[in-house]
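Undergrad: Dumping the structure here so I can ask a few things about it.
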Amino acid sequence: MDRVRLEQLKEKNRAFVRRKTWEEHELFQDCVRSLGNARLIEAIEETRGLIHSMCGRFSFDEYGHIKGSRPAAVDELDFGTDQTWYIVWDDAALPAVAWGGGPLPNGGDDLFAVAFDTYIFNGSFTEIVHRDSSGRLWRYP
């Protein structure tokens, strides 16, 4: 088998394992179902691009908090339906999710149970919500 074909098969296997991981991740699946109008961003390059854009737009401190953010409560969060919101978790095996916004179903329990750190940001990168591993919510601006 030539080297190119071997690399293609290895990449196909990595994609299969990644997909199988999130398909069997019950908390992730519950979250996606509860969001309703959500689209999975399965392409790892697209997810990486979103994370790169987020990190380029916001400054983070040594704890992973956005500089200039303030503590927030779930009931004060407003994810407008006039734009797309993106959700990424600190688990690289999970795809990002594009969501049409609105109130967080179940008070965000399904969303925040997926991984330790969760980031929700709008497509224009002007607003971001971060739930850290201690369970605190942070909002910018």
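Bear in mind that the values in this text are calculations on the coordinates, not laboratory data. From a predicted model like this one, the values you see are computed outputs, not experimental measurements. Virtual Cβ from ideal backbone geometry, glycine too; neighbours counted across all protein chains shown.
Undergrad: With r as the distance between the Cβ atoms of residue 106 and residue 55 and R0 = 41 Å, compute the FRET efficiency 1/(1 + (r/R0)^6) and round to 0.05.
TA: 0.90
Undergrad: Tell me which GluC sites (Glu not before Pro) from the stretch 32-67 have a DSSP coil assignment and no more than 10 other beta carbons within 10 Å of their own.
TA: 62
Undergrad: Calculate the radius of gyration of the Cα atoms of the chain to one decimal place, then report Dmax, the largest Cα-Cα distance, as a whole number, both in Å.
TA: 16.2, 58
Undergrad: What is the fewest-to-most order of 34, 133 by other Cβ atoms lying within 10 Å of their Cβ?
TA: If I rank by nearby Cβ atoms, fewest first, I get 133, 34.
Undergrad: Among 4, 17, 51, which residue has its Cα furthest toward the positive end of the charge dipole of the stretch 3-140, with +1 on Lys/Arg Cβ and -1 on Asp/Glu Cβ?
TA: The listed residue farthest towards the positive side: 4.
Undergrad: So for the pair residue 18, residue 3, with labels modelled 7 Å out along Cα→Cβ, what separation do we get in nm?
TA: 2.3 nm
Undergrad: Roughly what angle does helix 44-57 make with the longest principal axis of the chain, taking Cα atoms, 0 to 90 degrees, to the nearest 10?
TA: In the chain, helix 44-57 runs at an angle near 40 degrees to the longest axis.
Undergrad: Report, in debye and to the nearest 20, how large the dipole of the chain comes out about its Cα centre when Lys and Arg carry +1 and Asp and Glu carry -1 on their Cβ.
TA: With Lys and Arg at +1 and Asp and Glu at -1, about 500 debye.
Undergrad: Along its principal axes, what span do the Cα atoms of the stretch 1-48 show, with the longest given first and each in whole Å?
TA: Sorted largest first, the three principal extents are 45, 21, 13 Å.
Undergrad: Near residue 20, which aspartates and glutamates are there with a Cα under 13 Å away, not counting those fewer than 8 places off in the same chain?
TA: Correct list for residue 20: 42.
Undergrad: Shifting gears a bit: Got a sec? How would 69, 53 order by Cβ neighbour count within 10 Å, fewest to most?
TA: On the way: 69 19, 53 14.
Lowest to highest Cβ neighbour count: 53, 69.
Undergrad: Tell me what the chain gives for mean residue ellipticity at 222 nm when only DSSP H runs of n ≥ 4 count, each as -39,500 (n - 2.57), the sum divided by the residue total, rounded to 500 deg cm²/dmol.
TA: -11000 deg cm²/dmol
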